[in-house]
Structure formats: structure tokens, C-alpha cells
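To start, the structure itself, in C-alpha cells.
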Amino acid sequence: MELRARLCPFGDATHRVLASVVPPESLRWQSGRCAVDLEDARLSRILEAGDTAEGFGVSGEPVFSAAELRSVTHFELVCRAIARETDRDFQANDAVRQRTRPIDAGGERPIVLLAGLFLSRVRLKPNMVGSVGDWTQEYVIGSGIAEVITRAGWTGVTLLPITNPRTGAAYTEYFQIFSEALLPPAIVDCSVERIRSRYPDDDGSLRHLGCLVYERSALLDRPDFNRTAEPWGGAHGWPVWVVSARVEQTLKKAHLRGWHFRPVLTSGSDLYTEYVSKWTRLLAAVSASTRSKMDGGRW
């Protein structure tokens, strides 16, 4: 396992400092962040240089080998595509949220599971999946993925209708996936931070910076589709999704688009020991900086 620091420069002055330390052509940029390996000697120099300007927002990106990924039994679903809402859609879906009772699943805060959502227009190919709007952790899938799920007979997942609020009719080629299978609380380790914010809804809540971790026994005999006991997906109470390795393998073979699969780790494994060791070193490097900070970004 490798751990990359993904650095987001705070302001133009930090951009200039970064360019003075590392030739721009040697940096790997993606979504406004540059990636620097934890083992790269330049990382400490970059953070030190950032202290002379405005610093960096830092997120951690674990990178796993093919063999390490084969040892993993479960994966967290990460959204890579969005099914956009109109204002009317948002109002209808937010009304669903407001009348949905939160669930105390054993995490620090309740979670919310939304069922029966609305979209006026869906532009997804049959092999695509997208989050309903950019604020939920609920997903709409195309007919091709729906067929794969139905044929595979996976457990813990139900296909629900997506309704067009203009016509009141449900789509025949798009569906919402839904699950009420809840995992026990995840392990809170060094890759989880407690938010300090001036916004009451955020202040004091937990934010995951890395990979979900569970006791091995917590993942045994689980359904193929699960939701977390914690609202890792945002301030509205959204849990995130965890699926079995066979779901990940099958959907990749089906050329699914719209999801990234982030490994779920188990405590006590050699892989998790290495993960904690490297995260601890990254946190120490950032803590030694006077301007940079972990900013909650996840790759």
C-alpha cells in the first residue's frame, strides 16, 4: 500500500511557492490537487514552503496493489456521476427527506434513508449510475445495471421507481436502488477527524478522510448491499454504501460507469496495520505545518 498526499494550494501565493520547490511539469494534478507520495522527500519541503504563504489543504489517498485489492471482501461505493435535479425535483426530493424519520443505527448521529425520489429528466446510459442530485447518497441506475442486479440475485438491494414530477409517471428504463441493510458502527481511527465548524449542523460531527474499517466479524454473512450506521455521506444524515467484492467484480466486468470502489479494511490485518502507520505519519507531517491542514477531501 502507498499513501499519497493530495495537496490543494490555498491561494495564488501558495501556488507560486509550490512552483518554486517542485517543477510544475513533475507534479500530478487532478481536480485542483497535486499528488505527492508520502515517501517522497519533497513532501516535507513543500509543506514547509507552504508555511511561508497560505498553506495547503491536504487529503490522503491510499493506493493498493492488485493483490491487496483481491484480499478485500467489501468496497465502499463512491459517486462518480450525478443525475442533475431541476428546482422542482429538488423541492420534491427535499420534501421526501423532511418526512423521512431518521434512524438511530448505533453511530454517533442518526442516518436517513430516502425512498421514492423524483427526476424530471435522466440522461444515463444503460450501464451508468448517478447520484440523485449533488447532495444525496441515493442512486439512480440505468436498465443495463438493473438487469445485472436482478440476474445476479444479490441480497440487500431493492429496485424502486423513479418518478417524473411533471407527468407523475415512473420511468421504465431507470430505477432507484435502495437498501435497509445496516452495518454495525465502523471503527473510528486516525483517518477519522472530528469537525470543528462555526456551523452547528457540522460542528462536532465525524468526517472520514480515508477507508472505512470494521472488525472482520462485522462483515461476515452480510448482504451484498449495505448502508453504514454513520452519516459519512454528509450533513443531511446520508449513510454511504458498502457492497461485497462479488458486486464490485461483476459490475466492473459489466463496464459500469459512475461508481468508484474504495476498499473497506478489516482491523487486525497486515494491510490495516500498514494503513494506520502511514496515516499516522501523514497526520504528523501536516500537524508540523503552521498553515496546512487536513481538509476532509477524499479522492
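The values are calculated or read from the model by the stated rules, or taken from the named source; none is laboratory data. Model, not experiment: these values are computed from the prediction. Using ideal geometry, Cβ is built from the backbone for each residue, glycine included, and neighbour counts are taken over all protein chains shown.
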Flagged in segment 119-130 as closer than 18 Å to VAL247 by Cα and without any contact (Cβ under 8 Å) to a residue 60 or more places away in the chain, in numbering order, are PRO126
ALA49 is checked against (1) of a type outside the set (Val, Ile, Thr); (2) under 30 Å from MET1 (Cβ atoms); (3) in contact with a Gly (Cβ under 7 Å, 6 or more places away or on another chain) and fails just one. What number does that condition carry? (3)
Tell me the residue from GLY210, GLY204 that is small (Gly, Ala, Ser) and buried (at least 17 other Cβ atoms within 10 Å of the Cβ), please. GLY210
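Every residue, every condition in (1) under 30 Å from ASP51 (Cα atoms); (2) surrounded by fewer than 21 Cβ atoms within 10 Å (Cβ to Cβ); (3) not acidic (Asp, Glu), yes or no:
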position: VAL240; (1), (2), (3): no, no, yes
position: HIS255; (1), (2), (3): no, yes, yes
position: GLY268; (1), (2), (3): no, yes, yes
position: SER277; (1), (2), (3): yes, yes, yes
position: ALA284; (1), (2), (3): yes, yes, yes
position: ALA288; (1), (2), (3): yes, yes, yes
position: ARG298; (1), (2), (3): yes, yes, yes
Some residue of segment 220-242 being free of Cβ contacts under 8 Å to residues at least 12 places away in the same chain and either aromatic (Phe, Trp, Tyr) or closer than 28 Å to ASP270 by Cβ (or both): yes
Going through LEU119, LEU159 one at a time, which residue ends up being under 26 Å from ALA95 (Cβ atoms) and surrounded by fewer than 16 Cβ atoms within 10 Å (Cβ to Cβ)? LEU159
Out of curiosity, is ARG227 basic (Lys, Arg), under 30 Å from ARG123 (Cβ atoms) and either loosely packed, with under 15 Cβ neighbours inside 10 Å or at pLDDT below 95 (or both)? no
Of all residues in segment 144-156, which are surrounded by fewer than 16 Cβ atoms within 10 Å (Cβ to Cβ) and of a type outside the set (A, V, I, L, M)? GLU147, THR150, ARG151, GLY153, THR155
What number of residues within segment 147-175 satisfy the criterion of being more than 22 Å from HIS74 (Cβ to Cβ) and of a type outside the set (D, E, K, R)? 14
If a residue counts only when it is more than 27 Å from ALA288 (Cα to Cα) and either in the same structural domain as SER131 (by TED's automatic domain parsing) or among the basic types (Lys, Arg) (or both), which strands (runs of 3 or more DSSP E) contained entirely in segment 5-117 have at least 1 such residues? 74-79
Just the residues that are without any contact (Cβ under 8 Å) to a residue 24 or more places away in the chain and either within 18 Å of the chain's Cα centre (by Cα) or surrounded by 15 or more Cβ atoms within 10 Å (Cβ to Cβ) (or both), please, taken from segment 176-201. VAL188, VAL192, ARG194
Pairs needed: first member in segment 79-99, farther than 14 Å from ALA115 by Cβ; second member anywhere, in a helix (DSSP H, G or I) and not hydrophobic (A, V, I, L, M, F, W, C); C-beta distance under 7 Å; at least 6 residues apart or different chains. GLU85/ASN93
Given (1) touching a Leu at 6+ places or on another chain (Cβ under 6 Å); (2) outside any strand (DSSP E or B); (3) in contact (Cβ under 8 Å) with a residue 60 or more places away in the chain, identify the lone condition not met by LEU251. (1)
Only one of VAL112, VAL63 that is of a type in the set (A, V, I, L, M), out of contact with any Ser or Thr (no Cβ under 9 Å at 6 or more places or on another chain) and modelled with pLDDT of 95 or more: VAL63
Breaking point among (1) touching a helix residue (DSSP H, G or I) at 6+ places or on another chain (Cβ under 6 Å); (2) in a loop (DSSP other than H, G, I, E, B), for PHE261: (2)
